[in-house]
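So the structure is just underneath, and the comments pick up after that.
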Amino acid sequence: MKERTYVMLKPDGVRKHLLLEVIKRFEQNNLMITNLKEMKLTEELIHEHYAHVSDKPFFPKLEEYMLSGPVIAMIIEGEDAVNRVRKLMGPTNCKEALPGTIRGDYGNKDDENCRTYNVIHGSDSVENAEIEVNRFFPELKEENKSLKKTIR
Ligand code: CMP
């Protein structure tokens, strides 16, 4: 089924200049980048996005990391996009990620915090993808609204 998903190149991915490599991997797999923007996350957005892990001991490090530089936010569309993007990324823990996956090739496997500093994020379900698209691209909702107004 055709789906869309939310992908975010995290600050270490941006610092490693991985944007073109990541886009290439998605496009070569027939996944289309429909929206892309650079943004600096706020504490508020980080707390909202990571609410499900905010009580975990690793959260302060995760927050510091996500505030350490800009991210690239993307919406990606295609058949079975949520699962296919996650396969291309590899598992959360870079140490478990196989060569050929983004985390396997570019994660810092020597870092004990490899699970936190893991280069890239992709939504874990179609439901969360919609929530995350709306969270990181709120302007699209507004655009749609104003488009409707114009049409009427
Ligand atoms: P992501 O999939 O973007 O969303 C949750 C994030 O929490 C995850 O990436 C990691 O950066 C981080 N994370 C998840 N599990 C752990 C863990 N066990 N230890 C450290 N960081 C984690």
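Rank-order 13-22, 52-61 by packing density, defined as the average count of other C-beta atoms within 10 Å over each peptide's residues, highest first. Mind showing how you got there, number by number?
Numbers: 13-22: 15.5, 52-61: 10.8.
The peptides rank, most packed first, as 13-22, 52-61.
Using just the helices of the chain, give the 222 nm mean residue ellipticity in deg cm²/dmol: DSSP H runs with n ≥ 4 each add -39,500 (n - 2.57), and the total is spread over all residues, rounded to 500. Each step should come with its number before you reach the end.
Working: 8 runs with 69 residues, N = 152.
Per the formula, -12500 deg cm²/dmol.
Non-local amide H neighbours of N35 (under 5 Å, H modeled in plane, Pro and chain starts lacking H): which ones?
Answer set, sorted by chain and number: I75.
Based on Cα positions only, what radius of gyration and what Dmax would you give for region 96-148, in angstroms?
Looking at region 96-148, its Cα Rg and Dmax stand at 16.4, 51 Å.
May I ask for the Kirkwood hydrodynamic radius of region 42-99, worked out over all distinct Cα pairs and given in angstroms to one decimal?
Details: mean 1/r = 0.0734 Å⁻¹.
For region 42-99, inverting the mean 1/r across all distinct Cα pairs yields 13.6 Å.
List the extent of the Cα atoms of region 1-110 along each of their three principal axes, largest first, rounded to whole Å.
37, 30, 25
Treating only the Cβ atoms of Lys and Arg (+1) and Asp and Glu (-1) as charged, compute the dipole magnitude of region 2-151 about its Cα centre; round to the nearest 20 debye.
On the way: 23 positive and 26 negative charges, 68 e Å.
Charge dipole of region 2-151: 320 debye, to the nearest 20.
State in Å² the accessible area per residue of region 2-151; use a 1.4 Å probe, count heavy atoms of protein chains only, and round to the nearest integer. Can you show the working numbers first?
Details: 8390 Å² over 150 residues.
On a per-residue basis, 56 Å².
Out of F137, M1, V53, whose Cα points farthest toward the positive end of the dipole of the chain (charges: +1 Lys, Arg; -1 Asp, Glu; placed on Cβ)?
Ranked along the dipole, the leading option is M1.
E3's amide H: which non-local residues (gap 5+, or another chain) put their own amide H closer than 5 Å, with H modeled 1.01 Å from N in plane and none for Pro or chain starts?
For E3, whose amide H was placed from the backbone, the distant partners under 5 Å are G78, E79, D80, A81.
Count the DSSP beta bridges whose two residues both fall in region 2-151, then state the antiparallel fraction as a percent rounded to the nearest 5.
Values: 18 of 19 bridges.
Bridges in region 2-151 are about 95 percent antiparallel.
What pairs from K16/K61; K56/K109; K16/K141; K40/K141; K2/K87; K87/K141 go past 24 Å between their alpha carbons? Before the final figure, lay out the partial values.
Numbers: K16/K61 19 Å; K56/K109 22 Å; K16/K141 32 Å; K40/K141 20 Å; K2/K87 16 Å; K87/K141 29 Å.
Those over the limit are K16/K141; K87/K141.
Expressed as a rounded percentage, what relative contact order does region 2-151 have, with Cα pairs under 8 Å and six or more residues apart?
Across region 2-151, relative contact order equals 34 percent.
Over region 32-129, what percent of the accessible surface lies on carbon and sulfur atoms, probe 1.4 Å?
Working: 2570 of 5180 Å².
With neighbouring chains kept in place, the figure for region 32-129 is 50 percent.
The values are calculated or read from the model by the stated rules, or taken from the named source; none is laboratory data. Just so it is clear, the structure is predicted and the values come from calculations on it, not from any experiment. Methodologically, a virtual Cβ is constructed for each residue, glycine included, from the backbone with ideal geometry; neighbour enumeration extends over all protein chains shown. Each accessible area value is taken on the protein alone, full model and side chains, heavy atoms only, with ligands, DNA and RNA left out. Shrake-Rupley method; radii C 1.70, N 1.55, O 1.52, S 1.80 Å.
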